[in-house]
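The values are calculated or read from the model by the stated rules, or taken from the named source; none is laboratory data. Just so it is clear, the model here is predicted, and its values are computed rather than measured. Neighbour counts are summed over all protein chains in view; Cβ atoms, including those assigned to glycine, are modelled from backbone coordinates with ideal geometry. Quick note on the areas: whole protein, heavy atoms, side chains included, nothing else; ligands and nucleic acids left out. Shrake-Rupley method; radii C 1.70, N 1.55, O 1.52, S 1.80 Å.
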Amino acid sequence: MITRRDFTKLAGFAAGSMFVPSGGEAQEGQPSEVRNAVVTSGFVQSAGAEIYYERTGDGPAIVFAHGLGGNHLSWWQQVPHFSRRYSCVTFAHRGFAPSRVTSGAVDPALFEADLLALVDHLKLEEVRLVAQSMGGWTCLNFALHHPKRVRALVMAATGGTVDLSTFDAADREGVESWVAAHKGVSAELGKRNIHPAAGERMAREQPALEFLYREIDRLSSGLDKEAFRAKLSAARTLPAAELKRLTVPVLFISGKEDVVFPPPAAAALASLVPGAQLESVPEAGHSVYFQRPEIFNRVVSNFFETHQGPAAGSAS
C-alpha cells in the first residue's frame, strides 16, 4: 500500500523545490526546519466497504474529498500547509485504492454515509469540508443533511449533486453555451495523453506535475471510471434552488481554463447560496488545488479564518 509518507518522497521529485516533505511550505523568510506533523491512518467500515483515511496534525478538523482522478494522495500540497494549524483528514472514496469494497457497491449514493462513518469514527464534532469535483457529491449532501457538524464548505470545480439544467433561464443558457463551446475538448486532450482534469496548460508548463496527476489516477485503475462517471451524472438530481437552504458558509473555486466543469455554473451556484463566496482563478484548469496550490491554499485559509464561529445551528 502506498501511503502519504511514501508518496511525498516521489512528489518532491515532481514538484522540485515547491514541496517540503517535513510538513512546511517553502516561503521566503520562513525557517528551513519545521516540525513533522504526526500522521495516523486506518480503515473505517461503512456499508460493505473499508474506507482508508489518513489524519495529519492537530487542531480543528478539515476533511478533504478528492475527485474522480484522485485519492487520498491528491492533497499532498494541501496537507503540509494546513496541518500546521489544523487536523487534516484525507481519505479515498469507496472504489478508489487503497479503500476496499467487500460486499457493498461502488455507488455515489453511499458517499455521504461513508463520510459520516469517517467523522464519527474520528469523533469529530464539527468539520471543515474541502471538496474537489466528485468530492462535491459527498460534501454537499453532508452539509445539507448535517449542517450542525459543518463549520464551512469549499466546493472546488463542482456543483455536486445539483442538476445544472434546473438553473434559471439566463444561467442555464450560460452553462449550455459553455458546454457547446467545449464539446470534444476533453476527448481531444485524452488522445494527446493529457489528463483533462489536469489540463493543457499544466501539461505544457508543469509536465512533471501533470504526469504525477495521471499516476495518481492510475492507482485506482481497477475502477471502471467511465461507468462510474455515468453514475455520477445520474445522481445529479438536486434542484439548484435547494442551495438556497444551505446554512453553512460556502466558498466556490473555479479555474478559468476548466474544460471539465463549467465556470459559469460555479458563478450561478454561488449566487444561489446565501452569503457564498466565489474565487475564479486565472491560468488554471479543473484542478486548481493541484496546479495552483499557493493560490488555492491562501484562498481557503482566508475563508476558514473568516468563519471561525460555531457551525450552523450549533450552540454558540
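Some notes on this structure:
- Residues in the range 48-73 reached by a label modelled at K231 [backbone nitrogen below 16 Å; 7 Å Cα→Cβ]: 48-52, 66-71
- Based on protein heavy atoms only, the range 208-298 ends up with 42 Å² per residue of surface accessible to a 1.4 Å probe.
- Reciprocal of mean inverse Cα separation for the range 39-129 (Kirkwood radius, Å): 13.0 Å
- Our coupling estimate for the range 280-285, obtained by passing each phi through the Karplus curve with A = 6.51, B = -1.76, C = 1.60 and θ = phi - 60°, is 9, 9, x, 6, 9, x Hz, Gly and Pro reported as x.
- Per-peptide average of other Cβ atoms within 10 Å, ordering 97-104, 290-297, 176-183, 207-214 highest first: 290-297, 207-214, 97-104, 176-183
- Hits among lysines - C-alpha to C-alpha of K191 under 16 Å, sequence gap 8 or more where chains match: K183
- Share of carbon and sulfur in the accessible heavy-atom surface of the chain [1.4 Å probe, %]: 53 percent
- Cα centroid of the range 206-240 to Cα centroid of the range 182-196, whole Å: 14 Å
- Label separation (S301 vs K148): 3.4 nm, computed from points 7 Å beyond Cα along the C-beta direction.
- Cα gyration tensor category, rounded, prolate or oblate, for the chain with a/c compared to 1.5: rounded
- Counting DSSP beta bridges with both ends in the chain, the antiparallel % (nearest 5): 40 percent
- Stretchable slack from S280 to A208, in nm (0.36 nm times residue separation minus alpha-carbon distance): 23.5 nm
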